[in-house]
């Protein structure tokens, strides 16, 4: 079964621009989460979508937004890019099995560089 | 979610067992222990999880102390490809209807497997 895919893998943008990153979850997975990873802050949770609804949001400014489509694919958008937004952006998917435990499967990430 | 404490770094020889400790002294009765690892510049990879019984899968074994305040991840025969950052995460068990799939990552343990 194909894993989580993210596009693009690498991106260079200029301050003030906006960017859209895409994530395709594992087939059958309905939950998609986004994380930001930087050397200084480590891995930080951005938000999670389930059935096209945002269920949880991390402590990030409103410039960071996302959405999920009916086929569970998700996009995240960052507007008015700042130098500090340079990071590895990771997407993870989980299935909704109704069990009390779950695993998240991560994609390879999109490395965003803001100049 | 309970906080975890892990050593910053460890090393072991190739072919030997790698034992990675994690302290979670404030863990609650309904919280599970999860382990993920991240090989350089890749997305985190799920390894194993457990509640109170020891668990084993094809990748590793998880030993949880009887009081559940600490656990050890065991890689029985470490290889060079096991060099990675290992994250111990404590998370309450939920169903997909109750909550979201948010993971809080700490700093992890950087494991170096020596040839």
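The values are calculated or read from the model by the stated rules, or taken from the named source; none is laboratory data. If you're wondering where the values come from, they're calculated on a predicted model, not measured in any experiment. No Cβ is skipped: glycine too gets one built from the backbone with ideal geometry, and neighbour counts run over all protein chains shown.
Taking region A:39-57 as the range and being over 27 Å from residue B:109 (Cβ atoms) and either touching a residue at least 12 places away in the same chain (Cβ under 8 Å) or facing chain B (nearest Cβ under 8 Å) (or both) as the test, the residues that pass are A:47, A:49, A:50, A:51, A:52, A:53, A:54, A:55.
Does region A:58-70 hold any residues that are more than 11 Å from the chain's Cα centre (by Cα) and either within 14 Å of chain B (Cβ to nearest Cβ) or within 20 Å of residue A:5 (Cα to Cα) (or both), and which are they? Within region A:58-70, A:58, A:59, A:60, A:69, A:70 meet the criteria.
When each of A:73, A:111 is tested for being away from every other protein chain (no Cβ under 13 Å), touching a strand residue (DSSP E or B) at 6+ places or on another chain (Cβ under 9 Å) and modelled with pLDDT of 90 or more, the lone residue that passes is A:73. Would you check which residues across region B:30-48 are within 8 Å of chain A (Cβ to nearest Cβ) and assigned to a loop (DSSP other than H, G, I, E, B) and list them? Across region B:30-48, the qualifying residues are B:41, B:42, B:43, B:44. Could you identify the single residue in B:49, B:40 that is under 29 Å from residue A:108 (Cβ atoms), in contact with a strand residue (DSSP E or B) (Cβ under 6 Å, 6 or more places away or on another chain) and modelled with pLDDT under 95? On inspection, the qualifying residue turns out to be B:49. Restricted to region B:90-111, and to residues there that are within 22 Å of residue A:54 (Cβ to Cβ) and not in a loop (DSSP other than H, G, I, E, B), the residue that is modelled with the lowest pLDDT is B:92. Residues that are assigned to a loop (DSSP other than H, G, I, E, B), surrounded by fewer than 19 Cβ atoms within 10 Å (Cβ to Cβ), within 12 Å of chain A (Cβ to nearest Cβ) and without any contact (Cβ under 8 Å) to a residue 40 or more places away in the chain: does region B:8-29 have at least one? Scanning region B:8-29 turns up no residue that is assigned to a loop (DSSP other than H, G, I, E, B), surrounded by fewer than 19 Cβ atoms within 10 Å (Cβ to Cβ), within 12 Å of chain A (Cβ to nearest Cβ) and without any contact (Cβ under 8 Å) to a residue 40 or more places away in the chain.
Determine if region A:54-71 includes at least one residue that is over 30 Å from residue B:57 (Cα atoms), in contact with a helix residue (DSSP H, G or I) (Cβ under 7 Å, 6 or more places away or on another chain) and surrounded by fewer than 16 Cβ atoms within 10 Å (Cβ to Cβ).
No, region A:54-71 contains no residue that is over 30 Å from residue B:57 (Cα atoms), in contact with a helix residue (DSSP H, G or I) (Cβ under 7 Å, 6 or more places away or on another chain) and surrounded by fewer than 16 Cβ atoms within 10 Å (Cβ to Cβ).
Of the numbered criteria (1) assigned to a strand (DSSP E or B); (2) at positive phi, the one residue B:63 fails is (2).
Against the list (1) in contact (Cβ under 8 Å) with a residue 12 or more places away in the chain; (2) more than 27 Å from residue A:6 (Cβ to Cβ); (3) more than 13 Å from the chain's Cα centre (by Cα), the condition residue B:67 fails is (1).
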